[in-house]
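Q: Dumping the structure here so I can ask a few things about it.
The values are calculated or read from the model by the stated rules, or taken from the named source; none is laboratory data. This is a predicted model, so every value here is computed, not measured. Neighbour counts run over all protein chains shown; Cβ positions are idealised from the backbone, glycine included.
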């Protein structure tokens, strides 16, 4: 079996005959056809890789998210034979438009990587994944956008059934537009609406009133002067 590459295309050539006998020999030796099947599958996989030759790739679940959706990112790492592996740890950096970085570590799932980064505010984000394999740093980039969710514009139809349910629950009353002039009288007649009085006391030390302190000192000084002047001392 000869493998080669020409003008960007990979080629595998089997020079011989009796390939079907390999399966028989495999079964006699191991009671399975797995080894021959694995050889053929890997050979086909090797020749089928033509365009994207990157060994590390990251892909956001969607290009556009809503702000109430979690950001999901998956990544794949391939060895020299383009088999999926995930032995080394992989990290991801999400950068906002304000150049604020959020660093995460991928979780390993099967033979690939997965990450749930949670929810992000609206904006455009760039992502960069990194992993070191065979002493070589592999990086990949991508991006996604988060759109704002305007819940008020999602349902613009008045839901009168909900309004009536709230009225019945809390003992209110539904007022139609033509009954608005009678609203004042209804409020006055409602016995549950009573004025509330609140009283609060604030206590401060006399030391906070400087003018009182000066007045006391002045009176004490005046008393001392009068006693001296009148001969009381």
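Q: If I filter the stretch 62-73 down to residues being surrounded by 15 or more Cβ atoms within 10 Å (Cβ to Cβ) and not in a strand (DSSP E or B), which single residue comes out as nearest to the chain's Cα centre (by Cα)?
A: Residue satisfying both the conditions and the ranking: 71.
Q: Please verify whether the stretch 77-90 includes one or more residues that are more than 23 Å from residue 42 (Cα to Cα) and either exposed (fewer than 12 other Cβ atoms within 10 Å of the Cβ) or without any contact (Cβ under 8 Å) to a residue 40 or more places away in the chain (or both). Break it down into steps so the answer makes sense when it comes.
A: First pass over the stretch 77-90, keeping only residues more than 23 Å from residue 42 (Cα to Cα): 89-90.
If we keep only those that are either exposed (fewer than 12 other Cβ atoms within 10 Å of the Cβ) or without any contact (Cβ under 8 Å) to a residue 40 or more places away in the chain (or both) too, we end up with none.
There is no residue in the stretch 77-90 that is more than 23 Å from residue 42 (Cα to Cα) and either exposed (fewer than 12 other Cβ atoms within 10 Å of the Cβ) or without any contact (Cβ under 8 Å) to a residue 40 or more places away in the chain (or both).
Q: Here are 207, 216: which of them is over 30 Å from residue 77 (Cα atoms), part of a helix (DSSP H, G or I), more than 41 Å from the chain's Cα centre (by Cα) and modelled with pLDDT under 80?
A: 207
Q: Would you check if there is a residue in the stretch 54-72 being modelled with pLDDT under 85 and either in contact with a strand residue (DSSP E or B) (Cβ under 7 Å, 6 or more places away or on another chain) or closer than 30 Å to residue 104 by Cβ (or both)?
A: Checking the stretch 54-72: at least one residue is modelled with pLDDT under 85 and either in contact with a strand residue (DSSP E or B) (Cβ under 7 Å, 6 or more places away or on another chain) or closer than 30 Å to residue 104 by Cβ (or both).
Q: Collect the residues in the stretch 105-127 that are free of Cβ contacts under 8 Å to residues at least 24 places away in the same chain and in contact with a strand residue (DSSP E or B) (Cβ under 6 Å, 6 or more places away or on another chain), keeping them in residue-number order.
A: If the condition is that a residue be free of Cβ contacts under 8 Å to residues at least 24 places away in the same chain and in contact with a strand residue (DSSP E or B) (Cβ under 6 Å, 6 or more places away or on another chain), then 105, 107 are the ones that fit.
Q: Within the stretch 43-63, count every residue that is within 17 Å of residue 128 (Cα to Cα) and in contact (Cβ under 8 Å) with a residue 40 or more places away in the chain. Steps first, answer last, please.
A: The initial filter retains those residues of the stretch 43-63 that are within 17 Å of residue 128 (Cα to Cα), namely 54-63.
Okay, now just the ones that are also in contact (Cβ under 8 Å) with a residue 40 or more places away in the chain, so 54-60, 62-63.
Count: 9.
Q: While we're on this one: Among (1) out of contact with any strand residue (DSSP E or B) (no Cβ under 9 Å at 6 or more places or on another chain); (2) touching a residue at least 40 places away in the same chain (Cβ under 8 Å), which single condition is residue 38 missing?
A: The failed condition is (2).
Q: Right, here's the next one. Conditions: (1) in the same structural domain as residue 137 (by TED's automatic domain parsing); (2) out of contact with any strand residue (DSSP E or B) (no Cβ under 6 Å at 6 or more places or on another chain); (3) part of a loop (DSSP other than H, G, I, E, B). Residue 16 meets all but one. Number of the miss?
A: (1)
Q: Is it the case, given these coordinates, that residue 145 is exposed (fewer than 13 other Cβ atoms within 10 Å of the Cβ) and modelled with pLDDT of 90 or more?
A: Numbers: exposed (fewer than 13 other Cβ atoms within 10 Å of the Cβ): no; modelled with pLDDT of 90 or more: yes.
Taking the combined requirement at face value, the residue does not satisfy it.
Q: Being surrounded by 14 or more Cβ atoms within 10 Å (Cβ to Cβ) and within 14 Å of the chain's Cα centre (by Cα), is that true of even one residue in the stretch 30-43?
A: Looking for residues that are surrounded by 14 or more Cβ atoms within 10 Å (Cβ to Cβ) and within 14 Å of the chain's Cα centre (by Cα), one finds none in the stretch 30-43, hence no.
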